[in-house]
Structure formats: C-alpha cells, structure tokens
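Structure, as structure tokens:
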Amino acid sequence: MCGIVGYVGSKDASEVILEGLKRLEYRGYDSSGIAVLNNGALTLVRSEGKIKNLLAKLTNTEVLGQTGIGHTRWATHGRPSEENAHPHREGDVAVVHNGIIENYLELRVELEKEGANFKSETDTEILAHLICKKVKSGKVLEEALRASLKRIKGTYAVAVVSSKEPEKIVGARHECPLVVGIGEGENVLSSDLLAVLDITKSAIFLGDGEVVSITKGEVVVTDLEGKVIEKKPRQINWTPVMAEKDGYRHFMLKEMHEQPRAITDTCRGQLMEESGDIFFDGLEMDLKEVERFYIIACGTSWHAALVGKFLLEKYLKIPVEVDVSSEFRYRSPLVNSKTPVIAISQSGETADTLAAIKEVKRKGAKVISICNVVESSIPRASAWTLYTHAGPEIGVASTKAFTAQLTALLMLTLHLARRAGQLDERKGIDMIKELLKLPGVIEQALQQEKQIEKIAKKYFHYSDFLFLGRGINYPIALEGALKLKELSYIHAEGYPAGEMKHGPIALIDEDVPVLALLPDDKYLPKMVSNVEEVKARGGRIIAVVEEGKKTAEAVSDDVITVPSVPDYLMPIVLTIPLQLLAYHIALLKGTDVDQPRNLAKSVTVE
C-alpha cells in the first residue's frame, strides 16, 4: 500500500527519488522520507504528512549523493508520525518496507534483550536491527538481507542501503510488488512502475522469495539461498505523460474523462465484428465440465464482479458465485477443477485476492484474472489474464479501471457464451456493434457534468444518502454509494430497491436524499413504485433515467439523463453520473479528491 523508490546512478539521487515518490503518493500519504548515501555518509530526512512537508524540510537540509532510497507511507503498525516514517535506520543501515511482519513482537523482545534500542512503533524497524546486526558480523549487504528475511514471517517489499557499500541497493519481495527499472548507467527499484518511467521503460518484475542487488551498472537477482536467477526485462508501454493531470484539476477528473479511451483500448484487437466473437489468445476451457464459476474481488472490483454474475448467468447459463476475497479465503471454499475462478484486481497486487488465488489453485481450480497492471502478481499466478489497458490510475477512488473491468467482463461473457453454444453469431454481431458504440455513449454521459454539478450544490450539505437499483444495475447503486463515501466522507448506503421495505425505509425522511437508478428495463415499474414509497415519506429523489423517459422523470425531484443502451451496457453508462456526482459533492465539501483520508490505492496487506 505504501510506495518505495530507490535509485543508483549518476544523477542527484534525492531529486530522482522525490519525483518518484510524488508519482506514488496515491499509495500512501501519512508520512514520507529519504535516505541518501554520499562518500560513505548516510543522510536521512523524514516528515509526517504528505510529500510537500518532506520537500519543505529538504529546503533547509542538503542531501547529496547518487544512491538512495525513499518511501511514502500508509500506516499499518504505528500512528502517522515522523518517528514512524520510513526509512528506518540502525547504525550503517537504512531500510524501507511495505507489508506486515507478523512475528515482529517476538523478534523485538529478542532484540531488546540483546540491547537493541527501538525508536519507533513500527514492525519495519525490526528489519533495520536484524540487517545491521548481520552487517556488523561481517556479511555483505545481500547476505545480511537474506539471513534477516529468513527470520521474518509475513509480507514484504524491502529496499536497503548501507554506508559500508555506498553504491548499492538491495531489495526483496514476498507478496508485495517490487520492480527494477533498467537504465543506462543507472537503475531504479520501486514498488510501482510509475516511479521508473522517467528513467526507462525496461523493467524486471521480482517474484516472491527473490532478492535483487543493484548498482548503477549491474542488476543481479537471486533466491533466498543466493542462487542466481536469470530474469529477462520486459518493455513497458506506459509513458510518464499518462500519469500527469494534463490540465485537469484532479487526477480523478482526468481519469473519468479517459474512460472512453480506456474502454476502446480494452477492446482493441479483441472484437471480431464479422463473426460476432471475442478473441482471447489461449483462453480455452471445456465448458461442459464447468459446474459453476466463482468471482473473487475486493472493493470496487467486487461491484464489478456482481455485474459479472448477472452477465455470465444470463448468457452462459452456468451458476456464478461472487465473494469478497477476504471472506472467501477463510471459509473453506468448495472449489475444484470444475469450478474456474475469476479474480478481479486493478493493481494485480491485492493481498486478499492473491491469497485466495493461491488457495483455489491448491484445490485444483483454474484462475482467470482481470487486471490493469502487466506482470503484476495476480496475472502471474493465473492461468489466463484479460488486461483492461486503462493505463495508470492515480486517483485512489477507482473510475476508469472499474468501467474497463465491466467491459472486460462483458467481453469474457461473450467469448465463453459463443463457445458454449449459448449465443449465436447474429446475437454476437449485434452485441459487438453496440459495444463498439460504447466509447461515444460514455462521451455523451460525461457531457452531463454541468447539470450534475448543479445537483451537487443542492445536496452536498446532507449527511446521509441512499442509492437504489435493481437487477444488473443494483451493484452500480453499491458503487455509487461507495464513491460518495470515499470522496466526501458522507454516509451512503447502496441497496437493491426491493430490500428497501425490509429495513432501510425506516431511515427515510426529508434529510435522507435517495438516488434511484431508473433505466427503461423490466424493473422500471417496480423502481417507480419504490420511488413513490420514498416520496410518501418526505424523501427527495435524484433519478438517473434514460433520455426521453418521462414516466421516471415525473416522480423525481432532480433528474440526470443518460443515453439509451442495451441492458448489458447499462451498468457502465449509469456509473458515469454517479462518479461525477460524488466528485462534485466532494469538491463542495472541500475534501481531498485524489487522496481521501485513510485510503490507499493498492491494498497489499491484509
């Protein structure tokens, strides 16, 4: 969840590291720090809060050198403070770490008995003491790190420097991402590709249990026993510009407006319009042997999974179960070789989803993943991967990654339904034609922003919201409520509208606005009935309706219109106004849109 950047080369290390940390601040912004080596001297500067606070401290501190590490933190062990900020230093050694050391208390007691003096509340400081102890015993830095990691239980991505070896960084990973950017006379170590893009587009992705030693001219990867592992660099097609705001006020606003392109790129090269089919290289399974599908995901991706259930069951005629990954992995899931598992994760590093994948593979299930980050951990653990090609998503609240996931799930459904004989060529051709129109439809939906901004001004002062939907669009009500909670800190709940009379209606009065999703589908009469029940109790209705549908508009206080599309595309289209409403309410509330409090982009710890 935190961000790591290390640099060794001929440039000013602090400048490179700070630029990388700025790109990774969306991963954690409780505190930050850097440690830089210069002629055997180790300088460490840390600050509580966002990176701008660290930059302010550095204006009064000269930090010179061409080798160093940095970190931006999302607190797990220990409150946000300067003392708990990374890097942690002991003697000649400085360490940055993502993950959780589960046996840190037992190791801390052991080290304190040996005379160690701890300066923070963090589990990471354990590593600094362990590595320093090994370095003092005469081990080189790689050996000291390997020996220390063998004492650790838990998860980690770690980068270490020592004043005894001033032109080297060593790192390692276990269930937390770590990538090496390979430059010319310089190399970068980071927890995220975004931090290496200014240096190079050639990268090595470390696997679990791998240790890397980096100098400006060499990268050596070994296992925990010291055996060399040959790793070929991958070429990355992301650019630094993709991670810039490009004139938009916030990354989130930019990313909402990038959704037409993200959908186009996700579909690119996959749609076979003439035959009404979807091409996925290598994705083949005997669907006659499949008893049911499971879909696992967390947060926004879980909402995408719920939409996927509706799609797969309707068009494939095979039962689908959807689980939150953190619950799925602990409930002895009944999976086997006849129950494929679809795992959805924007980052490809979601800890609970990755752990669940390992469990289902142990039981014989094949895994299909839907992911946005090439060569991340979840795709590498999967039999097949459908990449969403949304590009880097910096805003913590997911937007374009979510609609790209919905697009990928529809494409997967069409691919499997054609092979199962449940979808004929004519229907496939029709559906693909509509999918090709989708980017333009999203552009139209985004043009409603001014109207949505006006509605936001009427409702931003309310403290509770209810979101209602039915059928395939009920998960979009959940997603709309989540976006409002994440961005504005307003309490909001999403419900299937038929459940309203089973409890939530007790909350309805003039102080609880209700956002109702009212597309012109078979549920519309039922939804209108639910809306009337709200109005009878003094509630105010914000309705999202299809253009020209006067019945829905007549029962609403405020109306947002979206273009008409077939029901299988409606969840994607309905998502757009809910994102915009949450964004504009958050602006009016004065919250941090791109970096909401307490949240991090990629949840890489349990």
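The values are calculated or read from the model by the stated rules, or taken from the named source; none is laboratory data. All figures in this text were calculated on a predicted structure; none of them were measured in a lab. Quick reminder, even Gly has a Cβ in these numbers, built from the backbone with ideal geometry, and neighbours come from all protein chains shown. Just the protein is used for accessible areas: all its heavy atoms, side chains included, with ligands, DNA and RNA removed. Shrake-Rupley method; radii C 1.70, N 1.55, O 1.52, S 1.80 Å.
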Which residue, of Leu55, Leu21, is within 30 Å of the chain's Cα centre (by Cα) and either acidic (Asp, Glu) or buried (at least 18 other Cβ atoms within 10 Å of the Cβ) (or both)? Leu21
Out of the residues in the range 58-84 that are hydrophobic (A, V, I, L, M, F, W, C) and either open to solvent by 50 Å² or more (accessible area, probe 1.4 Å) or not in a helix (DSSP H, G or I) (or both), which is farthest from Arg597 (Cα to Cα)? Leu64
Of the residues Pro504, Pro525, only one is without any contact (Cβ under 8 Å) to a residue 12 or more places away in the chain and either in contact with a strand residue (DSSP E or B) (Cβ under 9 Å, 6 or more places away or on another chain) or open to solvent by 40 Å² or more (accessible area, probe 1.4 Å) (or both); which? Pro525
Modelled with pLDDT of 90 or more, of a type in the set (D, E, K, R) and in contact with a strand residue (DSSP E or B) (Cβ under 6 Å, 6 or more places away or on another chain): which single residue out of Glu230, Glu167, Glu143 fits that description? Glu167
Filtered residues of the range 24-41 (kept if surrounded by fewer than 24 Cβ atoms within 10 Å (Cβ to Cβ) and touching a strand residue (DSSP E or B) at 6+ places or on another chain (Cβ under 6 Å)): Glu25, Asp30, Gly40
Subset of the range 291-336 that is in contact with a strand residue (DSSP E or B) (Cβ under 6 Å, 6 or more places away or on another chain) and among the polar types (S, T, N, Q) - its residue that is nearest to Phe467 (Cα to Cα): Ser301
Residues of the range 323-370 classified as open to solvent by 10 Å² or more (accessible area, probe 1.4 Å), assigned to a strand (DSSP E or B) and either under 25 Å from Pro392 (Cα atoms) or of a type in the set (Val, Ile, Thr) (or both), total: 1
Given the structure, is Arg46 basic (Lys, Arg) and in contact with a strand residue (DSSP E or B) (Cβ under 8 Å, 6 or more places away or on another chain)? yes
Out of all the residues in the range 145-152, is one or more crowded, with 19+ Cβ neighbours inside 10 Å and not in a helix (DSSP H, G or I)? yes
Regarding the range 185-199, can at least one residue be identified that is at pLDDT below 90, within 28 Å of the chain's Cα centre (by Cα) and surrounded by fewer than 18 Cβ atoms within 10 Å (Cβ to Cβ)? yes
Qualifying residues in the range 2-17 (those that are open to solvent by less than 20 Å² (accessible area, probe 1.4 Å) and assigned to a helix (DSSP H, G or I)) - the one nearest to Val196 (Cα to Cα): Ile17
Test of understanding: among Leu406, Leu416, which residue is touching a residue at least 60 places away in the same chain (Cβ under 8 Å), closer than 21 Å to Gly276 by Cβ, under 16 Å from the mean Cα position of the chain (by Cα) and surrounded by 24 or more Cβ atoms within 10 Å (Cβ to Cβ)? Leu406
